[in-house]
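Encoded as structure tokens, the structure appears first; notes follow it.
What follows is calculated from the coordinates using simple rules that are stated; it is not laboratory data. Quick caveat: nothing in here was measured; it's all calculated off a predicted structure. Heads up, the Cβs are rebuilt from the backbone with ideal geometry, glycines too, and the neighbour counts pull from every protein chain shown.
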Amino acid sequence: MSKKLITYLVFFTVLLLAFFFFVFQGTDNWKVKMPTLSYVKPFHFTNQDGQPVTDADVLDKITVVEYFFTTCKGICPKLNTNMKEVYLQFKDEPDFQILSHTCNPEIDSVPVLKHYADSLKVDTKKWIFVTGRKDSLYQMARGSYLLDDPKNNLEKIEDQFIHTQFFALVDRKGKIRGKIYDGLKTIEVQQLKRDISRLLKDK
């Protein structure tokens, strides 16, 4: 192979690399995409103010999802302490919200959720607490958000009780993204915050 041909090959290789650099510069095309795990199925619940909350309210928002119950003395206080850190960091973002579902709707009525929300001193337009039919709440936890084993749906609903420390992250299109985050682990809560920031930048 002649030196002239080698020179041309090197030149065109450099030219091609420069082309791709300028095409992808300033984009996220080089970044590893956050995986899609599931999607939000239709639902209809009631919030702490007695207003309906549906799957339509998740669209066009970045939503963090959890399950808890107000009388919990175990993991829930720690979970919501960590969730409040997430809330405080993103509460001024117009496209951000938290959706906290009760896993004990027999106790957590609308007034009980209202009292609980007030005790946290949060903006309930940004951090929303919902109740509803137990079977519907549990089906969403398992079938949409992947926060509990779907096989548990085979048990009688009156014998079931979800008690999970996991958070889910939903993008603007209603897709569950990233991973299922352990809300008791600081390192995973920090990862959740970084992933929220990424999704907020993704218009």
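Between Y39 and I176, the built amide H atoms are under 5 Å apart, and every one of these is 5 or more places off in sequence or on another chain. Just check segment 161-203 against the gyration tensor rule for me: Cα atoms, a ≥ b ≥ c as the square roots of the eigenvalues, rounded for a/c under 1.5, and otherwise prolate or oblate depending on whether a/b exceeds b/c. Since a/c reaches 1.5 but b/c is at least a/b, the shape of segment 161-203 is classed as oblate.
Along segment 109-124 the Karplus relation, 6.51 cos²θ - 1.76 cosθ + 1.60 evaluated at θ = phi - 60°, assigns HN-Hα couplings of 6, 4, x, 5, 5, 4, 4, 5, 4, 4, 5, 7, 6, 10, 7, 6 Hz to successive residues, with x for each Gly and Pro.
Summarising the amide proton neighbourhood of V130: residues at separation of 5 or more, or on other chains, whose placed amide H is nearer than 5 Å comprise S100, H101, T102. Computed from the C-beta positions of K84 and K156 and an R0 of 25 Å, the FRET efficiency is 0.10 to the nearest 0.05. Cα extents for segment 35-201 along the principal axes, largest to smallest and rounded to whole angstrom: 42, 34, 30.
Please tell me which of these pairs span more than 19 angstrom C-alpha to C-alpha: K151/K185; K61/K173; K61/K175; K84/K126?
Violating the 19 Å limit, Cα to Cα: K151/K185.
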